[in-house]
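Taken together, the values in this text are just the output of simple stated rules run on the coordinates, not laboratory data. Just so we're clear, the structure is a prediction, and the values are computed from it rather than from any experiment. Here Cβ is always computed from backbone atoms with ideal geometry, including for glycine, and neighbour counts include all displayed protein chains.
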Amino acid sequence: MALVVKVLALVVVMMAMRFGEVKAVYMQNVEKPRFARLVFHSASAVEAVFNGRKKVVFSINEKDVTARKTLPTYA
């Protein structure tokens with residue numbers, strides 16, 4: 001659980017510093033999380049992250065993190 005909190009904090013800080021305020025983060029609550037969902041306050045922050053691409057790769061603590069843009073689905 002402590003590892004998840006550290007990873008979560010790193011992701012939020014890195015994304016907030018580079019692209020603006022993060023509204024919410026949803027991450028698996030397991031020892032080694034495999035995915036997370038970040039929600040930004042504005043669509044312009046999302047566009048700044050992806051810059052017209054479908055997938056981007058970031059490096060956090062020398063580990064590659066792949067991001068994909070998804071659209072909300074409503075039931």
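Could you run the Karplus curve 6.51 cos²θ - 1.76 cosθ + 1.60 with θ = phi - 60° over segment 41-53 and give me ³J(HN,Hα) per residue in whole Hz, x for Gly and Pro? So the Karplus estimates, Gly and Pro as x, are 5, 10, 5, 5, 5, 5, 5, 5, 5, 8, 6, x, 9 Hz. For segment 18-75, the list of GluC sites (Glu not before Pro) that fall in a loop by DSSP and count at most 11 other C-beta atoms within 10 angstrom reads 21, 31, 62. The longest stretch of the chain left intact once loop-based trypsin sites (Lys or Arg not before Pro) with at most 11 other Cβ atoms within 10 Å are removed from consideration, loops following DSSP, is 1-33.
Sequence-distant or interchain residues sharing an amide H contact under 5 Å with residue 60, placed H: which? Close amide H contacts, sequence-distant or interchain: 65. Enter the angle in degrees (range 0 to 90, nearest 10) between the Cα long axis of helix 2-19 and the first principal axis of the Cα atoms of the chain, meaning the one along which they spread out most. Approximately 30 degrees, to the nearest 10. Using the rule -39500 (n - 2.57) for each DSSP H run of four or more residues, divided by the residues of the chain, the 222 nm mean residue ellipticity is -11000 deg cm²/dmol. For residue 27, the residues whose modelled amide H falls within less than 5 Å of its own, excluding neighbours fewer than 5 places apart on the same chain, are 37. Each Lys or Arg adds one and each Asp or Glu subtracts one; over the other residues with Cβ under 13 Å from the Cβ of residue 42, this totals -1. Normalised by the residues of the chain, what does the relative contact order come to in percent, with Cα pairs under 8 Å and at least six apart? So the answer I get is 21 percent.
Normalising by residue count, the chain has a Cα convex hull of 105 Å³ per residue.
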